[in-house]
Every structure is written in C-alpha cells, then in structure tokens.
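**Q** The structure follows.
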Amino acid sequence: MPGRVVRVDRGQCDVVTPHGTLRADTAFVVPRDPMRIVCTGDWVAVDPDGDPQFVRTLLPRRTAFVRSTSSQRSEGQVLATNIDHIVICLSLAVEFDLGRVERFLALAMSSSSGDALLRDDGQAGGGAAEPIVVLTKADLVPDAATLSYLVQDIEGVAPGVQVLTVSSATGEGIDIFSAVVSGGTSVLLGASGAGKSTLANTLLGRDVMEVQAARDVDGKGRHTTTTRNLLVLPSGGVLIDTPGLRGVGLWDAEAGVGQVFSEIEELAGQCRFHDCVHETEPGCAVLAAIEEGSLHERRLDSFRKLMRENRRIVAKTDARVRSELLRDWKRKGAEGRAAMDAKRGRVR
Ligand SMILES: Nc1nc2c(ncn2[C@@H]2O[C@H](COP(=O)(O)OP(=O)(O)O)[C@@H](O)[C@H]2O)c(=O)[nH]1
Ligand SMILES: [Mg+2]
Ligand SMILES: [Zn+2]
C-alpha cells in the first residue's frame with residue numbers, strides 16, 4: 001500500500017495511506033547510508049495488514065533538501081523530501097546573517113541532485129525545488145521605508161529568488177504566501193524563533209505546531225519543534241515544518257553555489273583570462289565590479305568561502321577530488337617556494 005511519511009520518530013514513522021494514518025516500523029529499510037533514512041515527505045510502500053506494520057520500500061525521491069551535519073563527521077542529513085518549494089524563513093526582528101541566507105539558497109538550489117534522491121540510474125530528479133525567502137514578523141518593522149531596505153538587502157543576495165514579507169500577527173502578506181505554497185509540498189526552514197511554526201499555524205487556521213514562549217526577547221528562541229511534521233493546508237498544498245537549524249553545512253552544492261552567485265559567474269565570463277581567480281589578474285571583470293561598487297566585496301568573500309567549504313565536504317567523501325586538492329596544494333606549495341627562492345635570488 002502506498003503512503004507518505006508525515007512524521008519520523010526513532011525507528012517508527014507515521015504514514016498517511018488511502019486507509020488513514022498508520023504507524024509503521026522502519027526496521028526493513030534501516031540503511032547504513034544516512035541518505036537512505038526514512039524522512040518526512042518520503043513516499044513509501046507499507047504492508048497493508050501487518051501487525052506491527054512495516055515500511056517495505058522507500059521510493060526514489062524527486063527532490064531532497066540535504067545539509068551536512070557537522071564539518072568533522074561530514075555526514076549528509078536529509079531534512080525533507082519530495083518538496084516543490086523551499087521556504088527560507090528569516091525574522092525581520094533580528095539582524096540578517098546574509099552568509100547564512102546564501103548558504104541556505106545554495107543548498108536549496110542543489111535539491112534535485114545527489115545521492116539523497118535514491119536513484120540508481122544516476123538521473124537527476126524532476127527539477128530542483130524552488131527557493132523562496134520569507135521575511136517574518138513584518139509587524140515589528142517600524143515603517144515601510146525600512147522594510148523596503150531590508151527586502152533589498154535580501155534581494156541583493158538572492159538573484160532571481162522571490163522575497164516575501166509576512167506577519168502572522170497582523171496577517172500581512174499571508175494571502176500571497178498561502179497562494180505560493182498552495183501547489184505541491186513546501187518545507188519551512190530557518191533558525192529557531194524565526195516564526196515557522198506560527199506561520200504554519202496561521203495557514204492551518206488552528207494551533208497544531210508548538211510555538212515558543214513570547215517572553216523570549218532576543219528573538220533567538222528556544223528549540224521547541226522536536227519532530228518534523230507534514231501538514232495538509234486547508235487552502236491547498238502540503239507544508240513541512242522543521243525544528244530550528246543551528247548550522248547548515250553545505251552538502252554537494254557546487255551547482256547551487258554557482259547559481260546563488262550568478263552575477264559573479266557572469267562577471268567571471270568577462271575576465272581577460274579564462275582561469276582568472278579574481279585576485280590580482282589584469283583585466284579581471286570581478287575586481288573591476290568591486291572597484292566601481294556594483295559588486296560588494298562581502299559577496300565575493302562569501303562566494304569563495306562557500307566554494308571552498310563545498311570542495312572540502314566533497315573531498316571528504318570523494319577520493320578523486322581529494323587527490324586533486326592534494327595535487328593542487330602541492331603545486332601551490334612548490335610554486336610558493338620557487339617564488340620565495342626567486343625573491344632571494346636563488347635559482348633551482
Ligand atoms: N511580533 C510577531 N511575533 C511573531 C510572529 N510570528 C511568530 N512570532 C513569535 O516568535 C516566536 C517564535 O515563533 P515560532 O513559531 O515558535 O518560531 P519557530 O522556532 O521558527 O517555529 C514566538 O514567540 C512567536 O509568538 C509575527 O508575525 N510577529
Ligand atoms: Mg517551530
Ligand atoms: Zn577575474
């Protein structure tokens with residue numbers, strides 16, 4: 001019997017089937033690979049009448065949002081699957097961390113590739129999920145001009161991405177957001193306290209998800225949502241609420257990083273040298289853009305940082321890339337020594 005996983009809880013999951021919601025044991029599909037752990041949003045096949053009931057098969061995924069859990073262990077963690085919209089929630093009540101937004105976007109834009117799709121044929125999924133940035137708690141912004149500047153800040157780091165402002169307190173922007181998520185499955189991501197669960201409750205029209213106490217004045221919030229939950233919205237669409245994420249490490253996100261920084265990639269195409277690394281090369285279009293103020297230096301730094309981080313993560317799992325990095329590093333080392341010698345007037 002087919003079903004969709006709406007909640008996962010240590011070895012068990014809740015599955016919605018044509019015959020109602022049932023609790024199924026995942027013992028049959030317990031994998032070694034963390035990418036193959038049953039996740040909220042998964043489509044599965046369950047025994048129609050076992051006692052207890054078991055998930056028999058985990059079906060290939062169309063899309064998956066994956067992060068790496070910690071840079072030390074470097075394991076991928078699948079947060080939601082078969083999603084159409086990735087909603088990055090940011091509170092307008094706290095200062096934006098633009099690097100974090102870029103990081104979320106890079107992961108979102110990589111949601112249709114990688115091992116998490118469980119495809120043996122190596123094919124990509126059916127197109128990446130669409131990222132959306134939702135700025136929450138708009139009621140806490142004193143005036144429209146400030147709000148518009150804040151929106152521009154985000155638009156500057158999210159080329160081509162829709163940016164919405166909402167307030168669960170006043171209802172502002174909820175109709176537009178509701179229309180956006182009315183098609184397909186959406187996942188709410190973002191820091192704890194961003195207002196995700198409140199937003200889910202607002203769309204549901206009733207309090208289903210637990211919301212944190214309002215006494216939390218710093219806006220950071222505590223960790224309350226402990227299990228992910230898939231909710232069917234009355235206005236159409238399916239919503240997955242997630243607990244707050246402290247860190248989101250990149251995971252197999254090179255294409256995503258390129259897309260998030262598309263203006264840098266475009267500029268790079270105009271550099272005089274095709275292998276320009278935009279540091280000191282003559283005729284560098286990227287450095288020229290920084291010089292004339294059309295590209296922020298923070299943006300280039302962030303791009304470099306995320307590219308490096310992604311390569312490091314990939315290197316840990318991919319021996320080929322690792323050896324490439326090593327060779328690169330050795331060559332650089334040799335070049336560095338040669339330059340040093342040249343300075344000192346030595347010849348090798
Ligand atoms: N002023 C205001 N506060 C909000 C809004 N949405 C959520 N909050 C508050 O923000 C805190 C965190 O909300 P919660 O939904 O638990 O955030 P989550 O951790 O992202 O799920 C709670 O105290 C909410 O009452 C809003 O639109 N305006
Ligand atoms: Mg929550
Ligand atoms: Zn360049």
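The values are calculated or read from the model by the stated rules, or taken from the named source; none is laboratory data. Being a predicted model, the structure only gives us computed values, none of them experimental. Here the Cβ is made from the backbone with ideal geometry for all residues, glycine too, and neighbour counts use every protein chain on show. Keep in mind that these areas ignore ligands, DNA and RNA; they rest on the heavy atoms of the full protein, side chains included. Shrake-Rupley method; radii C 1.70, N 1.55, O 1.52, S 1.80 Å.
**Q** Every residue in segment 32-50 that is outside any loop (DSSP other than H, G, I, E, B) and within 12 Å of Arg61 (Cα to Cα), please. Spell out the reasoning first.
**A** Start the filter on segment 32-50 by keeping residues that are outside any loop (DSSP other than H, G, I, E, B), which leaves 34-36, 43-46.
Within segment 32-50, Met35, Arg36, Trp43, Val44 qualify.
**Q** Return only the number of the condition from (1) polar (S, T, N, Q); (2) modelled with pLDDT of 90 or more; (3) closer than 26 Å to Asp252 by Cβ that Thr69 does not satisfy.
**A** It fails just one condition, (2).
**Q** Right, next: State all residues of segment 164-190 that are crowded, with 20+ Cβ neighbours inside 10 Å and not aromatic (Phe, Trp, Tyr); if no residue qualifies, say none.
**A** Once the filter is applied, which keeps residues that are crowded, with 20+ Cβ neighbours inside 10 Å and not aromatic (Phe, Trp, Tyr), segment 164-190 yields Thr165, Val166, Ser167, Ser168, Val181, Thr185, Ser186, Val187, Leu188, Leu189, Gly190.
**Q** What residue, among those in segment 242-279 that are within 16 Å of ligand 1 (Cβ to nearest atom) and touching a Leu at 6+ places or on another chain (Cβ under 7 Å), is farthest from Ser197 (Cα to Cα)? First the steps, then the outcome.
**A** Restricting attention to segment 242-279, the residues satisfying the condition of being within 16 Å of ligand 1 (Cβ to nearest atom) are 242-248.
Within this subset, residues satisfying the condition of being touching a Leu at 6+ places or on another chain (Cβ under 7 Å) are 242, 245, 248.
Values: Thr242: 8, Leu245: 13, Val248: 19 Å.
That would be Val248.
**Q** Before we move on, is Glu324 modelled with pLDDT of 95 or more, out of contact with any helix residue (DSSP H, G or I) (no Cβ under 7 Å at 6 or more places or on another chain), assigned to a helix (DSSP H, G or I) and open to solvent by 50 Å² or more (accessible area, probe 1.4 Å)? Walk me through how you get there before you give the answer.
**A** Values: modelled with pLDDT of 95 or more: no; out of contact with any helix residue (DSSP H, G or I) (no Cβ under 7 Å at 6 or more places or on another chain): yes; assigned to a helix (DSSP H, G or I): yes; open to solvent by 50 Å² or more (accessible area, probe 1.4 Å): yes.
No: the conditions fail for Glu324.
**Q** Among the residues of segment 236-263, what is the count of those that are surrounded by 20 or more Cβ atoms within 10 Å (Cβ to Cβ) and either more than 26 Å from Ala315 (Cα to Cα) or touching a Phe, Trp or Tyr at 6+ places or on another chain (Cβ under 9 Å) (or both)? Spell out the reasoning first.
**A** Within segment 236-263, the subset surrounded by 20 or more Cβ atoms within 10 Å (Cβ to Cβ) is 237-242, 244, 248-253, 256-257, 259-261.
Okay, now just the ones that are also either more than 26 Å from Ala315 (Cα to Cα) or touching a Phe, Trp or Tyr at 6+ places or on another chain (Cβ under 9 Å) (or both), so 237-242, 244, 248, 257, 260-261.
So the count comes out to 11.
**Q** I'd like the full set of residues that are surrounded by 10 or more Cβ atoms within 10 Å (Cβ to Cβ) and either within 16 Å of ligand 1 (Cβ to nearest atom) or outside any helix (DSSP H, G or I) (or both), limited to segment 280-294. Talk me through it step by step, then tell me what you get.
**A** At the first step, the residues of segment 280-294 found to be surrounded by 10 or more Cβ atoms within 10 Å (Cβ to Cβ) are 281, 283-291, 294.
Within segment 280-294, Glu281, Gly283, Cys284, Ser294 qualify.
**Q** Has segment 189-201 got at least one residue that is in contact (Cβ under 8 Å) with a residue 12 or more places away in the chain and away from ligand 2 (no atom under 16 Å from the Cβ)?
**A** The initial filter retains those residues of segment 189-201 that are in contact (Cβ under 8 Å) with a residue 12 or more places away in the chain, namely 189-201.
Then keep just the ones that are away from ligand 2 (no atom under 16 Å from the Cβ); that gives none.
No, every residue in segment 189-201 fails to be in contact (Cβ under 8 Å) with a residue 12 or more places away in the chain and away from ligand 2 (no atom under 16 Å from the Cβ).
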